[in-house]
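The block underneath contains the structure these notes are about, expressed in structure tokens.
The values are calculated or read from the model by the stated rules, or taken from the named source; none is laboratory data. Here the structure is a predicted model, which means the values were calculated and not measured. Using ideal geometry, Cβ is built from the backbone for each residue, glycine included, and neighbour counts are taken over all protein chains shown.
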Amino acid sequence: MKREPAKFKVNGGIHPAYNKQLTAEKAIIEMPVPSLLRVSMLQHLGAPAKVEVAKGDTVSRGQLIGEHGGFISVRVHAPTSGTVKAIAEAPTATGGSAIAVDIEPDGEDRWVEDITPHPDWESLEGKKLISLVSDAGIAGMGGAGFPTHVKLSPPPGKVIDTLIINGAECEPYLTADHRLMVERAEDIWNGIRIIRKILGCATVRVAIEDNKPDAIAAMEAVMAEDTGDSAVVILKTEYPQGAEKQQIFAALGKEVPSGGLPMDVGALVENVGTTLAIFEAVVKGLPLTERVTTVTGFPVKAPGNILARLGTSYADLLAFCEGLQGKAAKVVSGGPMMGFAQHSLDATTTKTTSGLLFLRPDQVRTFSSMPCISCGRCVQACPMYLMPAELSQMIEAEDIEAAEELNVLDCIECGCCAFECPAHRPLVQHMKQAKAGIMAKRREEKAKQKS
Amino acid sequence: MVEEQKAETPEPVLNVVSTSPHAHSGASVQRIMLDVVIALMPALAAAVWFFGWDALRLTLSCVIACVAIEALCRKAMGRDLGIGDLSAVVTGILLAFNLPPALPTWMAVVGCVFAVAIAKQLFGGIGYNPFNPALIGRVALLISFPVAMTKWSEWTIPSPIGIDALSTATPLGLAKTNVMSAGTLPYHFDGGTMLQLLMGDQNGCIGEVSALALFIGGAYMLWRKVISWHTPGCYLGTVAAFSCILWIVNPEKNLPPHFHLLAGGLMLGAIFMATDMVTSPVTRKGMMVFGVGCGVLTMVIRRWGGYPEGVSFAILLMNSITPLINRATAPRVFGHQRKNKEKAS
């Protein structure tokens, strides 16, 4: 049996209503290309991509339309064939804005001609494989969107001996990764083998929460033939088991040092969607132009796991899912714990859009500025072992330095504290505010030192 | 196609945009306070059973006074009334439970002023008070009206010589004066006495007499996860261990552990007052330190102090170092080394 229970678990965590039953059994369906695709140049963490096309240009699917805008940046490709209608600043789902390329599809959905599949990838060198990943424009599809080719190129001296594939999908409602593991296990496994080759690491752990027995079975089946050290690690269902540091601890019992990276403990974590994208990029030679998004929530008429082209507007996604059957008071891009609330359905999907969640009015609670009653529930819930209650009060008193001393920068913004808070305090907002403040201060100091 | 869909399905209202998370456990301060009120009901029933009308009179007047004073203070400060969170109701019931049955209503109201206006609202209201408001109210009354606050009802004591006698002293008070003057204990302990104390057939403050009723309330709060076992468990455990040692060393002069556990205000204090969220630590370790500290102080006051009972003072003293306990027991942040390890390396 290629499975093992997680030997470790961080304290804290929460058990929210998962509501995955809305879409867990629904096979992935491909959405037809909508009438307009608005492809953002910022679908990842880092510098936005530089636009490589001009208004009026005809593009083919997979054609490069955005080149790396820096070292930490990701390429962008046309998600279908058509005409560039406009290039303009557009709002992103995360509340900011970035340049986006509007493509009017021509209905032919024609791929570019220079697609080179590499079914013989096993004979390729690691460097070549990384360049294929980089060319395909892959960013971490779990949510953060860190450029994958950068992640796969550890600095000299750093040894990565364990690859962890994140199939926890601990966010309530979301089932996109779940369905991928059930339906595309073989391809994911080949993606894993490609990463294994790139890193030269022997050990592979696929971490899946125990609420997805079918995904566990599927992954185990495709791994059965492997002679190396690989196994499915079965995590107890608890949010946030999918958080990188918590997952490494659960699978390996190693703590990533504060401010450090997984590679500091010899580990690398890739999301299952990203792993599949690596397979597509290397074996089939296809750039990343689509992803599975779970469109869900009780008000949605036909919730499902939708394979949609990047740049599909949220309004089109909802329309494809037959619209709403009741009132929705909140729309979230991503999952309910860490997703971003939307003020309209104008934003478009990106490489990190794992879900589009609609919440009923009675599911929506507003935060208040009620005082903390020191119940300690946030302290018990925090998977980073912080004291959110105390931090939040310091930040309210604008004592950012004190918050820095109490390690606010270690906060992963998972939202466990705010989920538990009986006073409904905006704890995550406070943490984000303090972290942004500290980072701005540090940048200022750096700039001063330079001048 | 898209236009048609829009026409027949309701538009999302999208009236709430906020930071994550967009899910919540459903817990609220009001619900927590309501749970505490529910948990106090068995003890209220016991109080009415043993003390009759006086128990009801004190409880009702304290609740009404606390809520009214809270509303008045909030209004005077130009803030939201804030009485909807039910915390003033809890303070009112707890203060009443800490009063002797014959206390005049006006004195109880004075206690409420101390509890809500001075101990709570002057510090900024719920969440900001460093001391347990109900205990501040009780201690203020004890110091202001020492006679009225120690005037107890009559109680049949289980005598060591087999002839029961009536007394108006509390079990702990009687033990203290007897040990101090005569040097011997006034009681005869057997299963019957234990049962008597457990059920609440003793004199004392109206809400503290029935350990059983308080226990039921505590179990309810544990089930509802309003409290955890750490504070009451360590508090009661420490009292039991401390008194056990004293008793083994000298059983002539020291009360046995089961008597210490069941008599006086210990159960009320350990289950309902030491667990007050605002004034006790937030970490599990801190709760344990707090409980042990309360236990030690209670025993020191009971055994060597001037008062026969020390629960109120013990909890208030520990309240004062709650912030320090929080700081000292802060968990090691994930990915950080312990301070001393950092230095060593």
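Could you list, in sequence order, all residues of the stretch A:409-419 that are within 7 Å of chain B (Cβ to nearest Cβ) and crowded, with 24+ Cβ neighbours inside 10 Å?
Across the stretch A:409-419, the qualifying residues are A:Gly415, A:Ala418, A:Phe419.
Evaluate the following for A:Ala389: is it within 7 Å of chain B (Cβ to nearest Cβ) and either touching a Ser or Thr at 6+ places or on another chain (Cβ under 7 Å) or not basic (Lys, Arg) (or both)? Quick ask: steps written out before the conclusion?
Details: within 7 Å of chain B (Cβ to nearest Cβ): yes; either touching a Ser or Thr at 6+ places or on another chain (Cβ under 7 Å) or not basic (Lys, Arg) (or both): yes.
So A:Ala389 passes the test.
Is there a residue in the stretch A:197-205 that is closer than 16 Å to A:Glu169 by Cβ and either crowded, with 23+ Cβ neighbours inside 10 Å or modelled with pLDDT under 95 (or both)?
Initial filter on the stretch A:197-205 (closer than 16 Å to A:Glu169 by Cβ): A:205.
Those left that are additionally either crowded, with 23+ Cβ neighbours inside 10 Å or modelled with pLDDT under 95 (or both): A:205.
The answer is yes; a qualifying residue exists.
Of the numbered conditions (1) assigned to a loop (DSSP other than H, G, I, E, B); (2) touching a His at 6+ places or on another chain (Cβ under 9 Å); (3) not assigned by TED's automatic domain parsing to the domain that holds A:Lys432, A:Tyr385 satisfies every one except a single condition; which is it?
Condition (3) is where A:Tyr385 drops out.
Of everything in the stretch A:319-331, what is within 13 Å of A:Leu359 (Cα to Cα), buried (at least 20 other Cβ atoms within 10 Å of the Cβ) and either of a type in the set (A, V, I, L, M) or in contact with a Gly (Cβ under 6 Å, 6 or more places away or on another chain) (or both)? Give them in sequence order.
A:Leu324, A:Ala328, A:Val331
Tell me whether the stretch A:331-342 contains one or more residues that are within 14 Å of chain B (Cβ to nearest Cβ), closer than 24 Å to A:His44 by Cβ and free of Cβ contacts under 8 Å to residues at least 24 places away in the same chain.
For the stretch A:331-342, residues within 14 Å of chain B (Cβ to nearest Cβ), closer than 24 Å to A:His44 by Cβ and free of Cβ contacts under 8 Å to residues at least 24 places away in the same chain: present.
Between a residue in the stretch A:2-15 that is closer than 13 Å to A:Glu255 by Cβ and any residue that is assigned to a loop (DSSP other than H, G, I, E, B) and of a type in the set (A, V, I, L, M, F, W, C), which pairs come within a Cβ distance under 7 Å, given they are 6 or more apart or on different chains?
A:Val10/B:Phe334
Could you tell me whether the stretch A:354-365 includes any residue that is over 21 Å from A:Ala434 (Cα atoms), more than 11 Å from chain B (Cβ to nearest Cβ) and assigned to a loop (DSSP other than H, G, I, E, B)?
yes
Any residue that is surrounded by fewer than 17 Cβ atoms within 10 Å (Cβ to Cβ), hydrophobic (A, V, I, L, M, F, W, C) and touching a helix residue (DSSP H, G or I) at 6+ places or on another chain (Cβ under 9 Å) - is there at least one of those in the stretch A:32-43? Reasoning before the result, please.
So the first thing to find is which residues in the stretch A:32-43 are surrounded by fewer than 17 Cβ atoms within 10 Å (Cβ to Cβ), and the list is A:32, A:35.
Now drop any that are not hydrophobic (A, V, I, L, M, F, W, C), which leaves none.
No, the stretch A:32-43 contains no residue that is surrounded by fewer than 17 Cβ atoms within 10 Å (Cβ to Cβ), hydrophobic (A, V, I, L, M, F, W, C) and touching a helix residue (DSSP H, G or I) at 6+ places or on another chain (Cβ under 9 Å).
Do we find that A:Lys245 is crowded, with 21+ Cβ neighbours inside 10 Å and within 14 Å of another protein chain (Cβ to nearest Cβ) in this structure? Even if it seems obvious, please write down each step before you answer.
Values: crowded, with 21+ Cβ neighbours inside 10 Å: yes; within 14 Å of another protein chain (Cβ to nearest Cβ): yes.
The answer is yes for A:Lys245.
Among A:Val53, A:Val10, which is in contact with a Leu (Cβ under 9 Å, 6 or more places away or on another chain), in a loop (DSSP other than H, G, I, E, B) and aliphatic (A, V, I, L, M)?
Answer to the selection: A:Val53.
Quick one: in the stretch A:213-240, which of the residues that are assigned to a strand (DSSP E or B) and not aliphatic (A, V, I, L, M) is nearest to the chain's Cα centre (by Cα)? Outline the logic, then answer.
Step one: list which residues in the stretch A:213-240 are assigned to a strand (DSSP E or B), which gives A:230-235, A:239.
Of the ones still in play, those that are also not aliphatic (A, V, I, L, M) are A:230, A:239.
Working: A:Ser230: 24, A:Tyr239: 15 Å.
It comes out as A:Tyr239.
Look through A:Val150, A:Val133, A:Val101 and report the one residue that is outside the structural domain of A:Thr296 (by TED's automatic domain parsing) and within 24 Å of A:Val39 (Cβ to Cβ). Break it down stepwise before answering.
Working: A:Val150 fails: outside the structural domain of A:Thr296 (by TED's automatic domain parsing); A:Val133 fails: outside the structural domain of A:Thr296 (by TED's automatic domain parsing).
Selected residue: A:Val101, the only one of A:Val150, A:Val133, A:Val101 that is outside the structural domain of A:Thr296 (by TED's automatic domain parsing) and within 24 Å of A:Val39 (Cβ to Cβ).
So how many residues does the stretch B:251-289 have that are closer than 23 Å to A:Ala389 by Cα, more than 11 Å from chain A (Cβ to nearest Cβ), under 15 Å from the mean Cα position of the chain (by Cα) and outside any loop (DSSP other than H, G, I, E, B)?
2
Only residues that are surrounded by fewer than 15 Cβ atoms within 10 Å (Cβ to Cβ), closer than 25 Å to A:Val182 by Cβ and not charged (D, E, K, R): list them for the stretch A:1-28, please.
Result: A:Met1, A:Pro5, A:His15, A:Ala17, A:Gln21, A:Ala27.
Test A:Asp102 against the stated conditions and say whether it is touching a Lys or Arg at 6+ places or on another chain (Cβ under 6 Å) and of a type in the set (Asp, Glu). Quick ask: steps written out before the conclusion?
Working: touching a Lys or Arg at 6+ places or on another chain (Cβ under 6 Å): yes; of a type in the set (Asp, Glu): yes.
Yes.
Out of the residues in the stretch B:300-311 that are buried (at least 24 other Cβ atoms within 10 Å of the Cβ) and in a helix (DSSP H, G or I), which is farthest from the other protein chains (Cβ to nearest Cβ)?
Taking the stretch B:300-311 as the starting set, the residues that turn out to be buried (at least 24 other Cβ atoms within 10 Å of the Cβ) are B:302, B:309-311.
Among the residues that remain, those that are also in a helix (DSSP H, G or I) are: B:302, B:311.
Details: B:Arg302: 28, B:Val311: 21 Å.
Per the criteria, the residue is B:Arg302.
In the stretch A:173-212, what residues are charged (D, E, K, R), outside any helix (DSSP H, G or I) and under 19 Å from A:Ala250 (Cβ atoms)? Reasoning before the result, please.
As a first pass, look at the stretch A:173-212 and keep what is charged (D, E, K, R): A:177, A:179, A:183-184, A:186-187, A:193, A:196-197, A:205, A:209-210, A:212.
Checking the rest, the ones that are also outside any helix (DSSP H, G or I) come to A:184, A:205, A:209-210, A:212.
Those that are charged (D, E, K, R), outside any helix (DSSP H, G or I) and under 19 Å from A:Ala250 (Cβ atoms): A:Arg205, A:Glu209, A:Asp210, A:Lys212.
Somewhere in the stretch B:86-98, is a residue over 19 Å from the mean Cα position of the chain (by Cα) and in a helix (DSSP H, G or I)? Give the derivation first.
Going through the stretch B:86-98, the residues over 19 Å from the mean Cα position of the chain (by Cα) turn out to be none.
No: the stretch B:86-98 contains no residue that is over 19 Å from the mean Cα position of the chain (by Cα) and in a helix (DSSP H, G or I).
What number of residues within the stretch A:253-264 are more than 22 Å from the chain's Cα centre (by Cα) and either among the charged types (D, E, K, R) or assigned to a helix (DSSP H, G or I) (or both)?
1
Listed residues A:Asp161, A:Asp177, A:Asp187, A:Asp214; which is acidic (Asp, Glu) and at pLDDT below 95? Even if it seems obvious, please write down each step before you answer.
Details: A:Asp177 fails: at pLDDT below 95; A:Asp187 fails: at pLDDT below 95; A:Asp214 fails: at pLDDT below 95.
Testing whether each residue is acidic (Asp, Glu) and at pLDDT below 95 leaves just A:Asp161.
Just checking, how many residues over the stretch B:104-135 are modelled with pLDDT of 95 or more, in a loop (DSSP other than H, G, I, E, B) and over 16 Å from the mean Cα position of the chain (by Cα)?
So the count comes out to 1.
Out of everything in the stretch B:210-240 that is free of Cβ contacts under 8 Å to residues at least 12 places away in the same chain and assigned to a helix (DSSP H, G or I), what residue ends up being surrounded by the most Cβ atoms within 10 Å (Cβ to Cβ)? Can you show your working first?
Applying the first criterion (free of Cβ contacts under 8 Å to residues at least 12 places away in the same chain) to the stretch B:210-240 yields B:219, B:222-223, B:225, B:229.
With the extra rule that they be assigned to a helix (DSSP H, G or I), the set shrinks to B:219, B:222-223.
Values: B:Ala219: 13, B:Leu222: 17, B:Trp223: 10.
Per the criteria, the residue is B:Leu222.
Could you identify the single residue in A:Val269, A:Val292, A:Val282 that is in contact with a Phe, Trp or Tyr (Cβ under 9 Å, 6 or more places away or on another chain) and not in a loop (DSSP other than H, G, I, E, B)? Step through it out loud before you land on a result.
Numbers: A:Val269 fails: in contact with a Phe, Trp or Tyr (Cβ under 9 Å, 6 or more places away or on another chain); A:Val292 fails: in contact with a Phe, Trp or Tyr (Cβ under 9 Å, 6 or more places away or on another chain).
Going through A:Val269, A:Val292, A:Val282 in turn, the sole match is A:Val282.
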